[in-house]
């Protein structure tokens with residue numbers, strides 16, 4: 001008698017046999033990032049400053065969610081030669097539609113637009129993507145796509161091709177004219193722009209101009225030209241025509257008209273969001289030495305066992321700390337090497353402060369279960385642990401009071417208030433082993449001071465819970481945990497996961513009884 005697993009796989013194969021798959025014969029010409037920024041207005045704007053600061057790059061933090069979207073929109077409007085973007089998530093909501101409108105407008109005026117998105121969270125239909133791809137200056141590719149395209153088949157494909165489909169493009173990057181880039185933790189969508197009615201992410205990006213920006217822009221090419229990046233034209237079962245492109249464009253105009261009625265665009269705010277970066281051309285303190293790293297696209301291939309260069313970069317950065325390390329990591333699941341390193345640093349007198357999501361704030365409870373099993377060990381080693389609270393964000397992402405719930409999504413480090421690292425890399429097994437990631441190290445005390453102020457505010461008693469052992473407990477392996485913070489200005493000390501429902505606490509407690517499932521996190 002056949003085993004149940006064999007029967008299940010056989011049934012899955014039969015179910016998928018009749019599904020349409022993408023075509024391997026679609027043209028996929030290679031192309032490269034724009035290498036002549038001096039031929040553009042953005043390049044000319046920064047040329048004199050680059051000459052005064054050879055080898056350095058201008059850097060500006062983008063901490064405000066709404067302003068970050070405005071900066072993307074303004075940059076797209078400023079583009080003259082090229083726009084390249086790659087994202088793990090690109091929502092077909094208000095934020096995504098507004099940016100898409102600017103990308104199409106840029107292409108209409110002669111700008112080459114290359115769009116690379118991961119398949120797992122793709123909102124748009126294959127046919128509409130392929131139709132938009134017909135624009136002579138817009139090219140769209142989808143990274144590591146599911147072989148069979150019907151949405152209902154994805155769970156079955158996960159059973160039959162798990163190792164490949166569990167590996168995703170997690171990099172975030174937006175590059176214009178080879179002169180200016182943005183990168184960090186944000187995806188494109190209302191929940192990343194402070195505009196979602198129910199839940200928004202507190203996130204972080206950095207805008208770069210100069211040689212460091214060109215390093216990031218060039219990093220797009222290996223992903224774009226890799227065979228894992230499949231042209232949108234290969235995805236639908238039938239090829240669209242020009243009438244379909246016009247239909248997609250008309251639909252975009254119609255949806256934007258409705259969006260304008262509900263939430264009109266603000267050109268003044270968009271220009272203001274870009275102004276701090278443009279002002280760095282006259283600001284010597286904004287120019288910094290940068291070190292950009294990214295995973296190779298081959299890390300996402302089935303069976304790949306590649307060591308991420310970002311792991312060594314982060315380990316080296318932390319090892320060089322003399323006084324203080326501040327960490328924001330939304331999905332923290334510390335492996336043995338990280339736990340040992342943090343413990344060693346704390347033992348030699350380095351103040352180590354780590355912020356991650358509380359159970360009530362996280363959007364991935366399984367990740368919290370992986371983190372929770374290591375809390376006592378980290379506290380015992382002298383690491384200060386803080387858990388972000390699901391406080392209410394207003395529309396600008398500034399904080400309570402407001403209309404939507406907050407969740408931490410940033411990935412950043414500050415070392416000795418002099419060096420900053422910002423990227424897409426979470427301190428968890430997925431980022432280390434499975435997803436492709438990117439990040440940049442910036443050596444700038446002023447930028448570090450700005451990010452330090454943000455972390456200290458995020459770890460304040462009003463915004464996060466500080467973990468500690470119950471008073472008088474000597475055996476840290478069994479000591480009850482306590483969460484200390486303020487509620488309406490009054491200090492509170494709680495003896496269970498704060499602000500989380502009984503059902504959620506029970507679910508995480510059950511997950512912690514299971515063997516660690518690091519490769520699934």
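Here are the numbers:
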item: Residue match in region 243-253 (condition: buried (at least 20 other Cβ atoms within 10 Å of the Cβ), assigned by TED's automatic domain parsing to the domain that holds residue 90 and more than 27 Å from residue 294 (Cα to Cα)); result: yes
item: Which listed residue, of 141, 214, 154, is closer than 26 Å to residue 105 by Cα and part of a helix (DSSP H, G or I); result: 214
item: Residue 67 modelled with pLDDT of 95 or more, within 30 Å of residue 159 (Cβ to Cβ) and either assigned by TED's automatic domain parsing to the domain that holds residue 268 or part of a helix (DSSP H, G or I) (or both); result: no
item: Members of region 440-483 found to be closer than 30 Å to residue 210 by Cα and assigned to a loop (DSSP other than H, G, I, E, B), listed by number; result: 444
item: Residues that are within 27 Å of residue 297 (Cβ to Cβ), out of contact with any helix residue (DSSP H, G or I) (no Cβ under 7 Å at 6 or more places or on another chain) and not in a loop (DSSP other than H, G, I, E, B), drawn from region 221-245; result: 221, 224, 230, 231, 234
item: Given (1) part of a strand (DSSP E or B); (2) touching a residue at least 60 places away in the same chain (Cβ under 8 Å); (3) touching a helix residue (DSSP H, G or I) at 6+ places or on another chain (Cβ under 6 Å), index of the condition residue 194 fails; result: (1)
item: Subset tally (residues that are in contact with a helix residue (DSSP H, G or I) (Cβ under 7 Å, 6 or more places away or on another chain) and over 17 Å from residue 387 (Cβ atoms)) for region 441-478; result: 4
item: Number of the exception - residue 233 against (1) modelled with pLDDT of 95 or more; (2) more than 21 Å from residue 175 (Cα to Cα); (3) crowded, with 20+ Cβ neighbours inside 10 Å; (4) under 25 Å from the mean Cα position of the chain (by Cα); result: (4)
item: Test: residue in region 255-265 that is loosely packed, with under 13 Cβ neighbours inside 10 Å, part of a loop (DSSP other than H, G, I, E, B) and assigned by TED's automatic domain parsing to the domain that holds residue 62; result: yes
item: Search result, residues across region 45-59 that are surrounded by 21 or more Cβ atoms within 10 Å (Cβ to Cβ), part of a helix (DSSP H, G or I) and either without any contact (Cβ under 8 Å) to a residue 24 or more places away in the chain or in contact with a helix residue (DSSP H, G or I) (Cβ under 7 Å, 6 or more places away or on another chain) (or both); result: 46
item: Residue list for region 314-323, filter: crowded, with 17+ Cβ neighbours inside 10 Å and more than 18 Å from the chain's Cα centre (by Cα); result: 317, 318, 321
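Matching residues to (1) closer than 30 Å to residue 184 by Cα; (2) at pLDDT 95 or above; (3) more than 32 Å from the chain's Cα centre (by Cα):
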position: 466; (1), (2), (3): yes, yes, no
position: 477; (1), (2), (3): no, no, yes
position: 489; (1), (2), (3): no, no, yes
position: 497; (1), (2), (3): yes, no, no
position: 504; (1), (2), (3): yes, no, no
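Conditions (1) at pLDDT 95 or above; (2) closer than 30 Å to residue 103 by Cβ; (3) outside any loop (DSSP other than H, G, I, E, B), marked per residue:
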position: 247; (1), (2), (3): yes, yes, yes
position: 276; (1), (2), (3): yes, yes, yes
position: 280; (1), (2), (3): yes, yes, yes
position: 289; (1), (2), (3): yes, no, yes
position: 292; (1), (2), (3): yes, yes, yes
position: 315; (1), (2), (3): yes, no, yes
position: 318; (1), (2), (3): yes, no, yes
position: 321; (1), (2), (3): yes, no, no
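The values are calculated or read from the model by the stated rules, or taken from the named source; none is laboratory data. Quick caveat, the model's predicted, so the values are computed rather than measured. Reconstructed Cβ throughout: ideal geometry from the backbone, glycine too, with neighbour counts over all protein chains shown.
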